[in-house]
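Contents: one structure, followed by commentary.
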Number of protein chains: 4
Amino acid sequence: MIGKKRWAIAEGYIPHDDETKPREFVSHETACILNTTDKDAHITLMIYFADRDPAGPYNVTVPAKRTLHLRFNDLKDPEKIPHGTDYSSVFESDVPVVIQHTRLDGRKAENALLTTIAYSEG
Amino acid sequence: MIGKKRWAIAEGYIPHDDETKPREFVSHETACILNTTDKDAHITLMIYFADRDPAGPYNVTVPAKRTLHLRFNDLKDPEKIPHGTDYSSVFESDVPVVIQHTRLDGRKAENALLTTIAYSEG
Amino acid sequence: MIGKKRWAIAEGYIPHDDETKPREFVSHETACILNTTDKDAHITLMIYFADRDPAGPYNVTVPAKRTLHLRFNDLKDPEKIPHGTDYSSVFESDVPVVIQHTRLDGRKAENALLTTIAYSEG
Amino acid sequence: MIGKKRWAIAEGYIPHDDETKPREFVSHETACILNTTDKDAHITLMIYFADRDPAGPYNVTVPAKRTLHLRFNDLKDPEKIPHGTDYSSVFESDVPVVIQHTRLDGRKAENALLTTIAYSEG
């Protein structure tokens, strides 16, 4: 078992892109969530913006001994995350998890990639 | 509430670029600052250089429950940060925040991206 | 001596690529493992997936005072890691080590790179 | 004052490149070292390899209240770091510093960039 229960990703931005491209090349932002425990991880996710109240909570479950590469593009309930907009995200889990942030920017002919371990506490 | 009060980004460099491009594609360096508390974050920012005394303090406010994607390119008071110059930055906040560093390098036809969580204490 | 004994990389993905390119330009994912101690590091590696039980343990040795840039593409025993599949990895070492995650994505004409220090405990 | 005295970068690799290009576009690997204290930082740097004994110590000084973007390409004493070779680096400073790792890969027409905060202790 490895990880923490509270995580934050301060950088968030889903570029506007052509959504008819193959899914792997469409610009997307991902939170990779690893749950090494033998219990399902029940995670609540809040999204913070520059000029409006936070969105959420979003409910995400990562099964025991599984990883979930969560695309922020896919979040819909309670609301979609707008593209071309700055945001940040905070995760609270009931079991320890490890979270890493990745973006693929596919707006130009070539891809650009970034990643970082998220900030963790508790 | 999540975060720390003191943060440092050792890498800093704003490439010379064509400033007439769309703002999202002009090379820029960003500190994404997340404030999940219910108080405004009052932050003082110092910029360190290789061969001169530090610049600053710059005063930045991130409202309660908001995120700010601060472009170093936009800092003007007390002075602009020169382009094509190595620098580092240190942030001190009166409430806990989370800071992540990102650069988009748009000098060539294709974009290059980098990001990392900043170094934190306290 | 510097490091920790338990490390996790939540992001993992080996892109499908043309394996006949020069090895340095074939898309690959790497765990760079530094052992500064004067004893060999015996490391067990588990791979977690989205929809099946974990694979492993894989056994990796990093000699005393050496670094190993381990390509996940090269792991074969007990099984290869499938390409185009999300995964995460967890490392347990008998001496302190430092682990950093890097990917070169060479699917397009230009390369994309990402890196981050891994998450550590103990 | 912010930082730690011991830092490690597990990933290290200077690509072979055309050294006649403008210096900013030649592939290079950098350790950005920030010293916010009012004393000079005296740093010893050791380089670890996959298949030979470590190189060093290299001696680096970062003046008080200054930052140094140290290019591994420029290290010469006691020996140059070979290009196209995997390595790792360990820094020990007599005052707290903050270290971040960056690489620009300029081998192809477009640039690729990576960065991460280094691993720290003490």
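Please treat every number below as a calculation from the coordinates, not as lab data. What you see is a predicted model, and the numbers here were worked out from it, not measured in a lab. For neighbour counting, all protein chains shown are included, and Cβ atoms are generated from backbone atoms with ideal geometry for every residue, glycine included.
Return the sequence-ordered ³J(HN,Hα) values of the stretch B:7-20 in whole Hz as given by the Karplus equation 6.51 cos²θ - 1.76 cosθ + 1.60 applied to θ = phi - 60°, using x for Gly and Pro.
9, 9, 10, 7, 8, x, 5, 9, x, 4, 7, 7, 7, 8
Quick one: putting +1 on the C-beta of Lys and Arg, -1 on the C-beta of Asp and Glu, what dipole do you get for the protein assembly as shown around its Cα centre, in Debye to the nearest 20? Working shown, then result.
Values: 60 positive and 76 negative charges, 96 e Å.
Computed about the Cα centre, the dipole is about 460 debye.
Counting other C-beta atoms within 10 Å, and keeping those with at most 15, which DSSP coil trypsin sites (Lys or Arg not before Pro) do you find in the stretch C:45-79? Display every interim value, and only then the final one.
Numbers: sites: C:ARG52, C:LYS65, C:ARG66, C:ARG71, C:LYS76; in loops: C:ARG52, C:LYS65, C:LYS76.
Sites meeting the loop and neighbour criteria: C:ARG52, C:LYS76.
Give me the three principal axis extents of the stretch D:1-50 from the C-alpha atoms, as integers in angstrom, largest value leading.
The Cα atoms of the stretch D:1-50 stretch 39, 30, 15 Å along their principal axes.
Binning every alpha carbon pair distance of chain D at 5 Å from zero, what are the percents per bin?
The percentages, shortest bin first, are 2, 11, 22, 23, 19, 14, 7, 2, 0.
Take peptide D:47-56, look around each residue's Cβ out to 10 angstrom, count Cβ atoms belonging to other protein chains, and average those counts.
Mean number of neighbouring Cβ atoms from other chains: 3.
Under 1.5 on a/c is rounded, so check that first for the protein assembly as shown, then, if it is not, pick prolate when a/b is larger than b/c and oblate when it is not; a ≥ b ≥ c are the square roots of the alpha carbon gyration tensor eigenvalues.
Working: a/c = 1.25, a/b = 1.00, b/c = 1.25.
Because its axes are fairly even, with a/c under 1.5, the protein assembly as shown counts as rounded.
Hey, which aspartates and glutamates would be in cross-link range of A:LYS21, C-alpha to C-alpha under 17 Å, not counting anything within fewer than 8 residues on its own chain?
Filter leaves A:GLU29, A:ASP74, A:ASP105, A:GLU110.
Distances from A:LYS39 to the same position in the other copies: list them in nm, one decimal, shortest first, using label points 7 Å from Cα along Cα→Cβ.
3.3, 3.3, 4.7
B:LYS80 label points, 7 Å along Cα→Cβ, one per copy: pairwise distances from this copy to the rest in nm, shortest first?
Result, one decimal in nm: 3.9, 3.9, 5.5.
Test of the criteria: in the stretch C:72-122, which GluC sites (Glu not before Pro) are in a DSSP loop and have at most 16 other Cβ atoms within 10 angstrom of their Cβ? Walk me through the numbers on the way to the answer.
Values: sites: C:GLU79, C:GLU92, C:GLU110, C:GLU121; in loops: C:GLU79, C:GLU110.
Taking the stretch C:72-122 and a limit of 16 other Cβ atoms within 10 Å, the loop GluC sites (Glu not before Pro) found are C:GLU79.
What is the average number of partner chain Cβ atoms found within 10 Å of a Cβ in C:72-85? Walk me through the numbers on the way to the answer.
Details: counts 0, 0, 0, 0, 0, 0, 0, 0, 0, 0, 0, 0, 1, 1.
Whole-number average of other-chain Cβ neighbours for C:72-85 is 0.
So how far apart, in nm, are the two label points at D:ASP40 and B:MET1 if each is 7 Å from Cα heading toward Cβ?
With each label point 7 Å from Cα toward Cβ, the separation is 4.3 nm.
How many nanometers, to one decimal and shortest first, lie between the label point of C:PRO57 and those of its other copies, if labels sit 7 Å from Cα toward Cβ?
Here the equivalent label points are 3.6, 3.6, 5.0 nm apart from this one.
Considering the options A:THR61, A:ALA31, D:PRO82, tell which one lies farthest towards the positive end of the dipole of the protein assembly as shown, charges being +1 on Lys and Arg and -1 on Asp and Glu at the Cβ, about the Cα centre.
The residue sitting farthest along the positive end of the dipole is A:THR61.
With the cut-off at 1.5 for a/c, could you classify the stretch B:19-74 from its C-alpha gyration tensor as rounded, prolate or oblate?
Values: a/c = 3.12, a/b = 1.19, b/c = 2.63.
It is oblate, given that a/c is not under 1.5 and a/b is not larger than b/c.
Restricting attention to the stretch B:78-111, which trypsin sites (Lys or Arg not before Pro) occupy a DSSP loop and are surrounded by at most 15 other Cβ atoms within 10 Å? Mind showing how you got there, number by number?
Numbers: sites: B:LYS80, B:ARG103, B:ARG107, B:LYS108; in loops: B:LYS80, B:ARG107, B:LYS108.
Answer in residue order: B:LYS80.
Efficiency by 1/(1 + (r/R0)^6): what FRET value for A:PHE25 and B:ASP77, r their Cβ-Cβ distance, R0 = 56 Å, to the nearest 0.05? Display every interim value, and only then the final one.
Numbers: r = 42 Å, r/R0 = 0.74.
Taking R0 as 56 Å, the efficiency between A:PHE25 and B:ASP77 is 0.85.
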